[in-house]
Structures are given as C-alpha cells and as structure tokens.
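We did not get these values from a lab; they are worked out from the coordinates using the rules stated. Model, not experiment: these values are computed from the prediction. A quick note on method: Cβ atoms are made from the backbone with ideal geometry, for glycine too, and the neighbour counts reach across all protein chains shown.
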Amino acid sequence: MTVIWKLPVPKRAAHDIYEITPTFLRSQGIRLLLMDLDNTLAPYSVNEASPALKEWIASMKAVGIEPFLFSNNKGDRPELFSKQLGVEFVKLAHKPKQAVLRRVLAEKGADPDRTAIIGDQIYTDVLCGSLSGLYTIVVRPICLQNPLHALRYGAEFPFRLLYRVKHHDKS
C-alpha cells in the first residue's frame, strides 16, 4: 500500500483577501472560489459584511469567478453573510474532511483544477484544499485576540514558513 502525503503548504499566501485579485485568480484558471468566513472574510464578532468585502465579491463575480462560502461555522453567520454577499454557502463543512467538499464540487460541476480555497487556517482550509488538489490560498487571520487561536496559528508556523522558503527559492 502506497501512502501519499500531502503537506498543507499553501500555493499562495497573502496578507488578506484583498491581495488576491480577480485577475490573479483568472490567470490561474480559477472559476470557483471557496471562502472561509471566520477570521478570513470577517472577524468572529462581526455580523455585517463590510463595503470593501462586498466590492471584492462583486469584482470576482464580474470576471466569472463564483464566490462560495465554505465554513465550518455551525451558527447563523454563514447564512447571514451569504445573503449580504449574494453567494451560496455551506456551513458545517467539517474541513479538512473531504465529504462536504466533494459534494459541493459535484453539485457545482467544478473541476478541482479550476477551484481555489482561501482561508486563514493551515490545518483546516489549506489541508482541505490540498487533499483535493485545489489551489490553496492562506491569509493572515484578521484578529488574534483569543489566546487559543494564537496557539493554533503558532502551530501552523512551519507550513507558512515552508511557503516562504519555497517561493523565495524561485526568485
């Protein structure tokens, strides 16, 4: 039995979602953009989409990229944001598990090679995408006030560093 390990090293890292442009995603062939919600698109405590976020979503739609909320959140926030942004959503995605992701890709008729996932966590968002062959993008978390979140992000540091080393070597 052959075991293939897929390290959760993102294909792209950015300070925030706004560094990821529609032009860049189109250049990568992306048609479907799965987006984490909590601490990626908005802080945990915010229940209203900012004007900048609405504009960013609109810019994706304008070039034929379908934004889709793909959240592990079990509450009402995914539905609330999906209505404000005019996008479809899944809550309780159980990232990094693959079942819900596979279902969404099948329902959308989406090719993993033309799908990206963007999020703030290596062990959920990036690992989920890596396991399915998606284009993975990690952003810095919006807010690190919770000490438990800070510890989790600290544990992700080696994979964020691997991204930097990998891309520094190409320069």
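Overview of results
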item: For segment 80-96 and segment 25-73, distance of Cα centres in Å; result: 10 Å
item: Over segment 47-97, relative contact order from alpha-carbon pairs under 8 Å, at least 6 apart, %; result: 39 percent
item: Zone of residue 14's modelled label, taken as backbone nitrogen in segment 103-117 under 19 Å from a point 7 Å along Cα→Cβ; result: 113-117
item: Förster-model FRET efficiency, 30 Å R0, residue 106 and residue 61, C-beta, rounded to 0.05; result: 0.85
